[in-house]
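Down below is the structure, laid out as structure tokens.
The values are calculated or read from the model by the stated rules, or taken from the named source; none is laboratory data. Computed from a predicted structure; not experimentally measured. Reconstructed Cβ throughout: ideal geometry from the backbone, glycine too, with neighbour counts over all protein chains shown. Surface areas here come from the heavy atoms of the whole protein model, side chains and all, with no ligands, DNA or RNA. Shrake-Rupley method; radii C 1.70, N 1.55, O 1.52, S 1.80 Å.
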Amino acid sequence: AINPNFALTLNNLGVIYTSLGKLHEAYKYCVRAVQANPAYAEAYNNLGVMFRDEGDIKQAIASYDRSLEADVTSKNAGQNRLLAMNSLTKEHLSAELQQRFLFKRER
């Protein structure tokens, strides 16, 4: 049996399930990891990666932020957050450009 207070093991199981494409299981283990140790930055980062892979960029950014709150030196969370912000900006700009294009066509 797994010691439920062993955040590193729980997080690693989350990573394994992520690599197998079993995101529901991965999510459960990463959540248990942060419940076991709310200061464990890497588990928040891994949650962010899962949210990103599912297309929920805003939730991914929130998870990266939590990771950085727990460890401001986390290079993984910092880089992942920048990539997510870049993705969000591109998405926003793309939608804005589409709106402008449609507005011009309607005139």
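One table, with the values for the structure above:
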read-out: Scope the range 17-46; condition among the small types (Gly, Ala, Ser) and in contact (Cβ under 8 Å) with a residue 12 or more places away in the chain; matching residues; value: 26, 33, 36, 39, 41, 43
read-out: Tally, over the range 2-20, of residues that are outside any helix (DSSP H, G or I) and modelled with pLDDT of 90 or more; value: 2
read-out: Test: residue 48 is more than 20 Å from residue 7 (Cα to Cα), modelled with pLDDT of 90 or more, of a type outside the set (S, T, N, Q) and not in a loop (DSSP other than H, G, I, E, B); value: no
read-out: Checklist (1) open to solvent by 30 Å² or more (accessible area, probe 1.4 Å); (2) under 14 Å from residue 12 (Cα atoms); (3) touching a Lys or Arg at 6+ places or on another chain (Cβ under 8 Å) applied to residue 32, failing item; value: (3)
